Amino acid sequence: MLPLPSGIDTGNAMDTPRLDQPPETLRARVLAYFEDSWETYERLFAVLTSDRAFYQRADPLRHPLVFYVGHTATFFVNKLVLARILPAQVDPHLESLFAIGVDEMSWDDLDATHYDWPAIADVFAYRRKVKELVQRAIETLPLSGPVTWDHPFWAVVMGIEHERIHLETSSVLIRQLPLDLVRPHPAWPLCGERGAAPDNTLLAVPGGAVALGKDREAPLYGWDNEYPRHEERVPAFEAARYLTSNAELRGFVDAGGYRERAWWSEEGWAWRCYAEAEHPRFWVRGAGDGAWRLRCLTEEIPMPWSWPAEVNQLEAKAFCAWKAAELGRSLRLPTEAEWYRLLDVAGLPERDVFSGESGNIALARQASSCPVDRHVHGGFGDVVGNVWQWTETPIDGFPGFAVHPLYDDFSTPTFDGRHNLMKGGSWISTGNEATRAARYAFRRHFYQHAGFRVIASEQEVSVPESVYESDEAVAQYCDFHYGPEQLGVPNFPRRCAELCREVAGERPLRRVLDLGCATGRATFELARFAEHVTGVDFSARFIKVAHELKQHGTVRYVVAGEGELTRAQSVSLDALGLADVADRVELWQGDAHNLKPRFSGYDLVLAANLIDRLHDPAHFLAHIGERIVPGGLLVLLSPYTWLEAFTPKANWLGGRVVDGREVTTLEGLEAALSGHFRRVGAPRDVPFVIRETPRKHQHTLSEMTVWERL
């Protein structure tokens, strides 16, 4: 077993730092915060009994823990490269393994047969290299004025907060490992209070205005979904004094609630049948006496009936339906805004960061839940901490939401109506997770350290049945790929596919790769004549659109009209004549600079409007031949619009002066590909038009070149 640090100060974890401190004070504070985060994360894995524990899949919809050990370090590398803090990757092989695959998004590659995981000792050695690089960056990066999300230093804090998220999610996976793979550890003690549960009653919560989100000038780090600040008016409601305890949930279990269809939503019942659930996941029947026990982080204990029940959102809603019938009341989960109203009424200290005085949060006391009546404020227990609290609210962006350019797939893949918000944090929520503005959402069948509070309200919660893609850039690409032709110019991705077929001639196209596929139109069009097509894009925001089309056949999006006017659009594969070829298509999120080994053996690779958006196009061109069979084709299209926002000038293939001579991009392509490819035919222009508004369009010429693999 790899030796890991032992022992941890179980006092409060360090708070997320204010970013408006004097430069050298901030530098020292962030360095300490980074080291605290890094060491706490590694100490979590001290509870594992052997290297084998790192490779066991605790959850079939998650990678084994070895992935998460490497993933947080890789995240630092990737974001610091994007922020121009690091010049290059540290270990491209490990970083291709650990970059993508965190959530159960359908485009994430969770197929175990595609992975040859490295030795865990090698992964920790990689982490040590990355740690030194990040420490050096913190110590040397120029600092002046407050750090906002446009500042390079923001990327450092982003990496720290990202690792603190995975501290919690990894603890949930460890909680699902077989007991022989974990062991109690003094760094992670359980709460010793396990008495009878208190009676739970409903208390009045007066209506009032609540503030959600925060200003962009706020001094704490925030994820993009937290901005901007806005207010809502919340009608009066009643809320349970305490979170629902294990004792309360036992009433539902004993009444056969898990076998009664009437209490479950359609989605909930489908999950219950699929999972064959008869009780919450962390409840265990004693082998000898049949008594209920609770699986905690590293051990099973006699059921602490006074602790909060930990369930997924579907189970929480089923309990509410059962309890409503029992009491003859209209009961449900709170909305996000109602949680904020409860927070205000509870009279918690008016601060942006929650620490131990607010509740069982931020590793303030122990590594488990505690009784629901232990931390009471304003008459309500656990408004903050103990376990996360499920809400009725699917996550979406606030009005004025904007994607952070360094992490464009943090939030938007969850804006699909299938991810519900959790509020309040748990005992292991630290950093940004332990702030008032924190917004985290998971699929409704997902298990976290999460429970719920019941409220009574006649106010109905409106959940939209149809989700329109309103992210401005994504919606524009939806229209570019699937909307009507503009200004008489043929649809560009369809034309790219047609040209690929033309240049392929008599060559067989068994496997084709559409690299930088965006929302996927060319991927589907290529499947008209290729046996199998793989679409890969770096952005989950884009790839999710293509995946929705493959899975459901339709996508809805909103296009800009005049001024603030918009217009809803709908597209279907059937209307495009592509429904019959969708089963030939697979879609993945991936990095063109650093593709996984499985993406190889292609007869043709299309890279349309990609190379001038890469950080290091020469690196891409030097390695793309490894993905193509001898005699196969590389089809490149690009308008050669080199911008330093995407590609450092030193990495431009052309469009600049080198040693006093003007170099064109075509010359740069020839130089980069000459050793492994020969050019086929002459370059040709392929026009495209992107609609911005009904009366404003971008008209561009992309140059197509074709290269045969030697």
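Every number in this text was worked out from the coordinates using simple rules, so none of it is lab data. Not measured: the values here are computed from a predicted model. Here the Cβ is made from the backbone with ideal geometry for all residues, glycine too, and neighbour counts use every protein chain on show.
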Legend entry - Volume in Å³ per residue [convex hull over Cα atoms, computed for segment 224-351]: 183 Å³
Inset, instruction - For the chain, find the longest principal axis of its Cα atoms and tell me its angle to the long axis of helix 23-44, 0 to 90°, nearest 10. - result: 70 degrees
Legend entry - In segment 335-388, GluC sites (Glu not before Pro) in a DSSP loop with at most 15 other beta-carbon atoms within 10 Å: GLU350
Legend entry - Anchor LYS649: lysines whose Cα lies under 26 Å away (excluding residues fewer than 8 positions away in-chain): LYS79
Legend entry - In Hz, Karplus ³J(HN,Hα) per residue of segment 314-322 (6.51, -1.76, 1.60; θ = phi - 60°; x = Gly, Pro): 5, 5, 4, 5, 5, 4, 4, 5, 5
Legend entry - 16 Å Cα-Cα reach of LYS323 towards aspartates and glutamates, excluding residues that sit fewer than 8 places from it in its own chain: ASP199, GLU238, GLU248, ASP254, GLU260, GLU315, GLU458
Legend entry - Crossing angle, helix 65-82 versus the chain [Cα axis fit, 0-90 degrees, rounded to tens]: 50 degrees
Legend entry - segment 665-708: trypsin sites (Lys or Arg not before Pro) in DSSP coil with no more than 10 other Cβ atoms inside 10 Å: ARG695
Inset, instruction - Within segment 466-522, list the trypsin sites (Lys or Arg not before Pro) lying in a DSSP loop whose Cβ has at most 15 other Cβ atoms in a 10 Å radius. - result: ARG510
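In this model, which of LYS129/LYS544; LYS131/LYS544; LYS544/LYS696; LYS129/LYS596 are farther than 29 Å apart at the alpha-carbon? Please report the intermediate quantities before stating the final value.
On the way: LYS129/LYS544 34 Å; LYS131/LYS544 33 Å; LYS544/LYS696 27 Å; LYS129/LYS596 22 Å.
Table pairs above 29 Å Cα-Cα are LYS129/LYS544; LYS131/LYS544.
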Legend entry - For segment 495-567 versus segment 352-372, the gap between their alpha-carbon centres in whole angstrom: 47 Å
Inset, instruction - Round to a whole angstrom and tell me the spacing of the C-alpha centers of segment 410-428 and segment 201-273. - result: 12 Å
Inset, instruction - Classify segment 484-623 as rounded, prolate or oblate, taking a ≥ b ≥ c as the square roots of the eigenvalues of its Cα gyration tensor: rounded when a/c is under 1.5, otherwise prolate if a/b is larger than b/c and oblate if not. - result: prolate
Inset, instruction - Over the chain, calculate the relative contact order: mean separation of alpha carbon pairs under 8 Å at least 6 apart, over the residue count, as a percent. - result: 12 percent
Legend entry - Rg/Rh ratio calculated on Cα atoms of segment 23-181 (Kirkwood radius): 0.98
Legend entry - Cα centroid separation - segment 279-349 against segment 578-622, whole Å: 45 Å
Inset, instruction - Taking the chain as the reference, fit the longest principal axis to its C-alpha atoms, fit the long axis of helix 153-174 to the helix C-alpha atoms, and give the angle between the two in degrees, 0 to 90, nearest 10. - result: 60 degrees
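Peptides 248-260, 529-541, 390-402: what's the order by average Cβ count within 10 Å, highest mean first?
Order by mean packing, descending: 529-541, 390-402, 248-260.
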Inset, instruction - Show me 147-156, 427-436 ranked by packing, highest mean number of other Cβ atoms within 10 Å first. - result: 427-436, 147-156
Legend entry - Using a Förster distance of 56 Å, the FRET efficiency for ARG567-ASP122 (Cβ separation, nearest 0.05): 0.60
Legend entry - Listed peptides 72-81, 631-640, 129-138 by packing density, highest first (mean Cβ within 10 Å): 72-81, 631-640, 129-138
Legend entry - Cα-based reach from LYS214 at 17 Å (exclusive), listing lysines while leaving out same-chain residues under 8 positions away: LYS423
Legend entry - 5 angstrom amide H check on THR298, placed H, neighbours 5+ away: none
Inset, instruction - State the antiparallel share, in %, of DSSP beta bridges confined to the chain, rounding to the nearest 5. - result: 75 percent
Inset, instruction - Check the cysteines of the chain one by one and keep only those with no other cysteine Cβ under 4.7 Å from their own. - result: CYS273, CYS296, CYS320, CYS478, CYS496, CYS500, CYS517
Inset, instruction - Please name whichever of TRP707, TYR477, PHE410 sits farthest to the positive end of the charge dipole of the chain, dipole taken about the Cα centre and charges placed at Cβ: Lys and Arg +1, Asp and Glu -1. - result: TRP707
Legend entry - About the Cα centre, charge dipole magnitude for the chain (Lys/Arg +1, Asp/Glu -1 at Cβ), debye: 580 debye
Legend entry - Global geometry of segment 196-242, whether rounded, prolate or oblate, following the gyration tensor of its Cα atoms and the 1.5 cut on a/c: oblate
Inset, instruction - Compute the convex hull volume of the Cα atoms of segment 472-709, divide it by the residue count, and report the result per residue in Å³ as a whole number. - result: 129 Å³
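Over all pairs of distinct alpha carbons, what does the Kirkwood formula give as the hydrodynamic radius of the chain, in Å?
Values: mean 1/r = 0.0366 Å⁻¹.
With all distinct Cα pairs of the chain included, I get 27.3 Å.
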Inset, instruction - Just need the relative contact order of segment 382-471 here, percent rounded to a whole number, with Cα pairs under 8 Å and 6+ apart. - result: 38 percent
Inset, instruction - Please state, rounded to one decimal and in Å, the Kirkwood hydrodynamic radius that segment 109-217 gives when every pair of distinct Cα atoms enters the mean of 1/r. - result: 20.2 Å
